[in-house]
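Chemist: Below you will find the structure I want to go over with you.
Bear in mind that the values in this text are calculations on the coordinates, not laboratory data. Keep in mind it's a predicted model, so treat the numbers as computed, not measured. Using ideal geometry, Cβ is built from the backbone for each residue, glycine included, and neighbour counts are taken over all protein chains shown.
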Amino acid sequence: MSNESPVVDAVVDSAAALKPLISEYRRAGEIRARLAPEVVEAVGKAGMFRLFAPKEVGGLEVEPSQAFRAVVEMASADPAVTWYVVNSMPGCMMTAKLPEAERNKVFADPDRHFGFSAVALARATPVDGGYTLNGSWPVVTGVEDSLWCALAGLVWEGDAPRQVDGRPDARIFLVPTGELEIEQTWQDAAAMRGTGSNKVNARNVFIPEVRACQPGSAPVIDRPLFRDSPTALTLPIFAAVAVGVLKGAIEAATVEIKKKVSSVTGKALRDQTETQIAVADANAALRAINAGAIEAFDHAWSFTSRGETVPREVKAELYSSSFYAGDVARQMISNLYTKGSRAAFMQGHALERSLANIHAVIAAIDARRGFHHSAGAVLLGGEPLEAAF
């Protein structure tokens, strides 16, 4: 009997039920360099783009470890799908800071995902009633299929960023996608092709003050999921994508290795010691990093859900578990690639895709590697190096 609640089981079961469809259209998404519309529609209707959205707009508002489990299931079929899902989370969380009318406008179509970029390269100039936004974001996942984007930028005054409490005034701007310019830059991508992560430009786009959200500011919908820093809730779920890629790689490798015979030794691959060890280690690693990340997530959430500040040491456990999960997943997939069939060297093979995708996933997570270093500093009794820790 499952130890999970019926709600948890329903979310994870819904994610697992999407896997056949996701797998069926995975290749079509890679060819298009953008998810197949059938997948976008099905994942949206299942509520996966609303895992962290307020209930007032039809959001599921699940606990973080529930979202983690759901993402692992979908990522095992195609991590590009979960890139749409995870990149929707910051935008969903920011809408809890909006008044009801504005929030309902953003979720007029509740089944759509958000484009997102945390790269604060854009300049927001204060004007009457809001800001004029100018700048570019080089990688915005699924932007062509979105109706809204959550894009980071800095508020400037004169020739320098405006300072708030000694730090630059960084905002997440909620922008209608139709007011942005999209450059087709993703067709040459070699990994995570289905994410459609094209370049986006803003040219004198007006953003009302109400949609210039300050991370960490008090939400209008004052519930635990919307009080904490988005990084503490979303970075571990990016790691869930890596865990899911490993899960998918193990499933694919196991099926193939069972039926392959080495053209060099004449022995079945399943009978070769190195291959056996690689598969055994990968399975053990998957269980360990999955359970460890979920345990750390639940521990941190136990404080947040009670309205308490998460201790630094607990955050350090959460961040270190997240980066460790990603790094171990990358290592295990590399082992499976080298110890499995030579067919994996061919373009389009499941392990070849997994190897390329896991490196792309970790490259994205590396943008937050400062939180990994800070976790070590805190666990050693020091101060975090990352200001947003």
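Chemist: Counting DSSP beta bridges with both partners in the range 67-189, what percentage is antiparallel, nearest 5?
Modeler: Working: 16 of 23 bridges.
DSSP beta bridges in the range 67-189 are roughly 70 percent antiparallel.
Chemist: Let me ask another. Would you calculate the separation in nanometres between label points at ALA108 and SER305, each defined as 7 Å from the Cα along the Cα-to-beta-carbon direction?
Modeler: That separation, rounded to one decimal, is 3.6 nm.
Chemist: A further question follows. On alpha-carbon atoms, Rg over Rh for the range 228-379 using Kirkwood Rh? Don't skip to the answer; put the middle values down first.
Modeler: Values: Rg = 17.8 Å, Rh = 16.5 Å.
Using only Cα positions, Rg/Rh for the range 228-379 is 1.08.
Chemist: Over what distance in Å are the Cα centres of the range 114-141 and the range 223-247 separated?
Modeler: Taking the Cα centre of each part, the range 114-141 and the range 223-247 sit 23 Å apart.
Chemist: If you take the beta carbon distance between ASP298 and LYS259 as r and set R0 to 45 Å, what does 1/(1 + (r/R0)^6) give as a FRET efficiency, to the nearest 0.05? Kindly include the intermediate steps, with their values, before the conclusion.
Modeler: Working: r = 39 Å, r/R0 = 0.87.
For ASP298 and LYS259, the calculated efficiency is 0.70.
Chemist: Does the range 190-310 classify as rounded, prolate or oblate by the C-alpha gyration tensor (a ≥ b ≥ c root eigenvalues; a/c under 1.5 gives rounded; else a/b over b/c gives prolate, otherwise oblate)? Don't jump to the answer; show the numbers that get you there.
Modeler: Values: a/c = 5.74, a/b = 1.90, b/c = 3.02.
Cα axes put the range 190-310 in the oblate bin.
Chemist: Another one. Which number gives the lysine pairs in the chain that have C-alpha atoms under 14 Å apart and are eight or more places apart or on different chains?
Modeler: Numbers: LYS19/LYS247; LYS55/LYS97; LYS97/LYS105; LYS258/LYS267; LYS258/LYS339; LYS259/LYS267; LYS260/LYS339; LYS267/LYS339.
Lysine pairs, 8 or more places apart or on different chains, close enough: 8.
Chemist: Using only Cα atoms, locate the centre of the range 48-71 and the centre of the range 178-221, then give the distance between them in Å, rounded to an integer.
Modeler: Between the Cα centre of the range 48-71 and that of the range 178-221, the gap is 21 Å.
Chemist: If you don't mind, there's one more thing I want to ask. Two decimals is fine: what's Rg over Rh for the range 6-104, C-alpha atoms, Kirkwood radius as Rh? Mind showing how you got there, number by number?
Modeler: Numbers: Rg = 13.6 Å, Rh = 13.8 Å.
Ratio value, two decimals: 0.99.
Chemist: Hey, rough spin-label estimate for ARG223 and VAL210, points 7 angstrom out along Cα→Cβ, what's it come to in nanometres?
Modeler: According to this spin-label approximation, the distance is 2.1 nm.
Chemist: While we're looking at this one, here's another question. Exposure proxy check: ARG312, ARG330 ranked by fewest other beta carbons within 10 Å? Mind dumping the intermediate values first?
Modeler: Details: ARG312 16, ARG330 19.
Arranged by neighbour count, lowest to highest, ARG312, ARG330 become ARG312, ARG330.
Chemist: Can you pull the one-decimal nm distance between simple spin-label points at ALA16 and THR273, each 7 Å off the Cα toward Cβ?
Modeler: Placing both labels 7 Å beyond Cα along the Cβ direction yields 3.7 nm.
Chemist: By how many nm would the segment from THR132 to THR185 grow when fully extended, if each residue of separation counts as 0.36 nm and the alpha-carbon distance is taken off? Let's see the in-between values first.
Modeler: Numbers: separation 53, 0.36 × 53 = 19.08 nm, distance 2.50 nm.
The THR132-THR185 span can extend by a further 16.6 nm.
Chemist: With r defined as the distance between the Cβ atoms of ARG203 and ALA367 and R0 fixed at 30 Å, what FRET efficiency is calculated, to the nearest 0.05?
Modeler: On the way: r = 25 Å, r/R0 = 0.85.
Step by step, r from the Cβ atoms, then E = 0.75.
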